Amino acid sequence: MASISSSVGLVSGLPTQQIVESLIAVQRQPITLLQGRVSALNARRTALLQISAQILALKNTTTRFSATELFRTTKAASTKDSVLLASATAGAAVGSYTFTVKSLATAHQVISGGFATSNATPVGAGTLTFETAIATVDRTTSLGSLRGGEGVRGGKIRITDRTGASAVIDLTTATTLDDLLGAINSQTNVNVHAEVRGDRLAIVDQTGLLTGSLTVADVDSGRTAQDLGLVGSSATGTLEGVDLVRLSQHTRLDQLNDGNGIRRLRNQPDFSVTLADGGTLTYELSERLTDATRLSNLNGGAGVPAGSIKITNRAGVSQEIDLSSAQTIGDVKSAIQAAGLNVTVTVSGAKLLLSDSSTPDSTPEDNALRVEEVGGGTTAAALGIKTSSATGTINGKNIYSVGTIGDVLRLINTDPANAGRLVASISASGTGLTLTDTSGGAGTLSVTALGGSKALDDLGLTAPASGNAIQSRRLVASLNSVLLRSLRGGAGVAGGQIQITDRAGASAAVDLAGAQTLSDVINAINAASTGVRANVSSNGLGIQLNDTSGGAGNLIVADVAGTLAADLGIAVNVAADSASSGNLQRQYVSDASLLTALNYGKGVPPGKFRITDSSGASAVVDLTQGNEVSLADVIEEINSRGIGVIARVNDTGDGLLLTDTAGGAGSLKVADESGTAAKALRIAGTAASGQTFIDGSYETRITVTGNDTLTDVLTKIQASGGPANASIINDGASGQPFRLSLTASSLGRDAALAIDSGATGLSFETLVRGQNSTVLFGPPGALNPIVLTGASNTLSTAVAGVKLDLVSPSDEAVTVNVTRDTSAVLKEFQTFVASFNKVMSTIDGLTRFDAETEQRQALTGDPTARRVRERLVGLANRVTPGGGAVNRLASVGIRIGAGSQLTLDEDKFRESMENNPAQVEAFFTDTVAGYGKAINDELDRLSKTETGLIAVQGGVIENSVKQLTDRITSMETLLGRRKERLYAQFAAMETAIARLQSQQQSLSGLLALS
């Protein structure tokens, strides 16, 4: 049956649609009421979200309230910015500091001889090599490293020669032995010469007089001459100082063996000692705590003071634990774990790890594992565990290291298994170690390397015992020299005997059997009765022999016993006045090299790189795990990858070598995947055609062909990635104006270039000497100012928290004033007050009721909004019990007033910061009851996602909206059906009426017929 489409009954004439819609409208009133409730709930939820967003914004302003750095914010100002700029970070010590900038750090720059053209004149075939000063064999000795690390103090000395002439020489800014020698030898008032003699410094009178005295004295109560052992007078014309090179308890292991350190295994024993009584002691030099580690060996030998610690677990249970009788790490673990706190202790490398398995207390702010001192002690701090953790895990600080000579001696001497039977000490010479067997047994003292460890060799303890002792070789070189064992890439040069014949025929045997340093060799050659003199070559990479005899024969140097001359490259038989060893390849990269020291001092950054061997097998080497400290760690990581590649230090001792052992048809490849670690190790790339290795040498080698011009050489240098920046200079001179300029890529003395031109036609002279910056710390006229030096014109460690940018040298002292930056702290609190007031204004606006118009807002009468407001007011009025003079916001000028709005009295705030800085800091930053913790915890409870008060209420509203919406949908469905039924009923009525009308018409017709 067709439905009615007209709004009026076609038969009845009734307004059908109007009647139906009116009936439905009456029945829709409950739905309308429900929709109003949904709108109100949505408006309420939106309003609460608005408040929540503003509370989060407020929390952003309070996050730093619990950080001590905020309240220690400082600023620094220099009295002369044209000389020195200063800036400060939080925590910088407030005060005035005076500096005098004596010199800036400079980059070494050299320039070649001239060529007629830059792109057409060949420079001559050969190999040009360059590396940094660390490769030189006469690297200047730091004055600070002398006398067992006590150093030589700066000051002024007076030298009087045999004529009676006198000169005061200012050595205040001298930081190296070369600085000291240069200052003495460059003056012209007295006729003396300062020179190095092994481990000593000597001053020789050169007046030619045979009478009179040579005198050296300190000036103005200085200590320089005294430290050098030169104070005194000599009738012989020579004053020789004391031994300046010696080990001490504080000598770092990475300083030994010319900076190549000690190679040791990771988490394995390195060597054993068999005593004369048959007992065996085993020693591990890795920095790993064990239960047997003695507390006296921790913290660089400072140990752990006897005392008690207090531990509070996450359940809120506390115990004081007496550690006064603990002797080992095992004792500490046992005492803590026996305290009944459900706290376990494990060792993780060089630190302790505490784990709390107790059930957290119901009060959130107490859910922290805490370790505290008892009675003002320092036991917890010495154990590296004085802290708290909301997660229930305390990852302690590193408290154990084997990084100094003293650490090694303590490790051996305090070993409980030793019991005094083996005594390790610094040798009588001061340059090595001695192991003395006191067991009284009839056997022989001996040592054995374990697990392939090289530690014994690097400690020099490989010689057989002499009597009841083993004496090491020399572990540190003499002044301005290197150990023979560091040459030839670490393969070393053994002592021996050589025969020298000069060109005039004079000959001498030189006994070098006991030589341990290159200076031993040079001094012995120069002391021989020939006209041959030895010295370090001009580029510092080797030695040169010069025949001064004036003869016409051959200069001959030959080995008599051993291979010393051949190994040094001076075994010659030539009709020449000189002979050079060439590059002696001083080793400066070893397994023990720190990654931070590689890459020309720039370090090797964390990263991942892929190695592909010649068979196509590949593996990723991950150096981002956080435990990669030395090159040995990198080598171990590479060699554990299980592909056909072996890593080791190269034969020249200046980089990492990768060797392909897969035997495939492809090429060995290395590519960085994240970071630049492979590039920094100089192994990124593909092995050269026909080669099965990649040599990551830090020596840059430039092969110059017979047709190469300056431009060609420049291009090759720029592509090499070496430590120099190159350019071509046109000096405008006629004939040969084009020169190659090389500038070290980094500032400072150690970044200076060591260049070997080989057979090329290039020769270089220095334009700018690479030097470190030098700054005197102390007021003008200070007798013993502190000398600050570095390979940069930025000093970041001179004063904690203060950065000094050096601009220009000046004899004028500059004062840096470090003051509290109260304005910066005030600004943080101004932002906090504004944000707090914005939240309160928003709440007030959303909860307002207009009595005149009876208009309500979205949150009028809302209990959640009321609770939020009450809690914020509570925070503003919060008082910290026992907080002293500063125990509430009002103490620092922040008060709550009309409309619950905060006001900030800036004058009172400044006054509090200036007069009670420690109390203000404690009020806000205390880890247990501090205002910073309290407000941030409370704001979290209000606004935290899912669990915060507003989020929970928002969830309740959302559920209510969903229920109402579902109900409305159901009612709309029923109403729709009812509407359809009404229309159907009206349609039926119209049909019925139409039928009746038809019947009526029929009856009327019949009546008419009748």
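No value in this document is a laboratory result; all are computed from the given coordinates. Not measured: the values here are computed from a predicted model. Neighbour counts run over all protein chains shown; Cβ positions are idealised from the backbone, glycine included.
Odds and ends about this structure:
- Taking the stretch 427-524 and dividing mean pair separation by its residue count, relative contact order in percent (alpha carbons under 8 Å, at least six apart): 22 percent
- According to the calculation over all Cα-Cα pairs in the stretch 143-243, the P(r) per 5 Å bin from zero is 2, 15, 26, 29, 18, 7, 3, 0 %.
- Amide H contacts for Ser308 (H built 1.01 Å from N in the peptide plane; partners 5 or more residues away or on another chain; cut-off under 5 Å): Leu323, Val374.
- Contact order, relative form, for the chain: 20 percent (alpha carbon pairs under 8 Å, 6 or more residues apart, mean separation divided by residue count).
- For the stretch 238-276 and the stretch 383-419, distance of Cα centres in Å: 21 Å
- Part-to-part distance (alpha-carbon centres) for the stretch 795-871 and the stretch 78-114, which is given in Å: 35 Å
- Packing-based order for 651-660, 44-53, using average beta carbon neighbours within 10 Å, highest first: 651-660, 44-53
- Mean residue ellipticity at 222 nm, helices only, the chain: -8500 deg cm²/dmol; runs of at least 4 DSSP H residues each add -39,500 (n - 2.57), and the sum is divided by the number of residues.
- Dividing the Cα radius of gyration of the stretch 219-311 by its Kirkwood radius returns 1.18 for Rg/Rh.
- Cross-link partners for Lys351 among the lysines, with Cα-Cα distance under 24 Å and sequence neighbours closer than 8 places in the same chain left out: Lys310, Lys333, Lys386, Lys397.
- The stretch 288-398 - Rg (one decimal) and Dmax (whole number), Cα, Å: 13.1, 43
- Calculated from backbone phi, Karplus (6.51, -1.76, 1.60) coupling profile of the stretch 211-227 in Hz, x at Gly/Pro: 10, x, 10, 9, 10, 10, 8, 7, 10, 6, 6, x, 10, 5, 4, 4, 4
- With the gyration tensor restricted to C-alpha atoms of the stretch 706-762, the semi-axes of the equivalent ellipsoid amount to 21, 15, 11 Å, longest first.
- Over the stretch 20-149 - Rg/Rh using Cα atoms and the Kirkwood inverse-distance radius: 1.47
- Shape call, the stretch 489-553: gyration tensor on alpha carbons, a/c limit 1.5: oblate
- Eligible lysines near Lys156 by straight Cα distance, threshold 21 Å, same-chain separation 8 or greater: Lys102
- If you take the Cα centroid of the stretch 655-679 and the Cα centroid of the stretch 421-437, the two points sit 44 Å apart.
- Volume in Å³ per residue [convex hull over Cα atoms, computed for the stretch 397-444]: 91 Å³
- In plain terms, the C-alpha convex hull of the stretch 780-839 casts an average shadow of 6.6 nm² when viewed from every direction.
- In summary, the convex hull built on the alpha carbon positions of the stretch 595-697 has an orientation-averaged projected area of 5.8 nm².
- Computed from the Cα positions only, the extents of the chain along the three principal axes stand at 174, 74, 69 Å, in decreasing order.
- Note on Ala125 and Ser355: with the Förster distance fixed at 56 Å, the Cβ-Cβ geometry gives a FRET efficiency of about 0.25.
- From most to least packed by mean Cβ count within 10 Å, the peptides 959-966, 815-822, 910-917 give 815-822, 910-917, 959-966.
- Two-decimal log10 I(q)/I(0) for the stretch 366-501, as the Debye equation yields it once each C-alpha is a single scatterer, q = 0.16, 0.17, 0.20 Å⁻¹: -0.96, -1.02, -1.23
- Highest to lowest packing among 548-559, 930-941, scored as the average C-beta count within 10 Å: 930-941, 548-559
- When you restrict to C-alpha pairs under 8 Å that are six or more residues apart and normalise by the size of the stretch 772-864, the relative contact order lands at 13 percent.
- Computed log10 I(q)/I(0) for the stretch 347-411 at 0.14 Å⁻¹: -0.53, from the Debye equation with unit scatterers placed on every C-alpha and solvent omitted.
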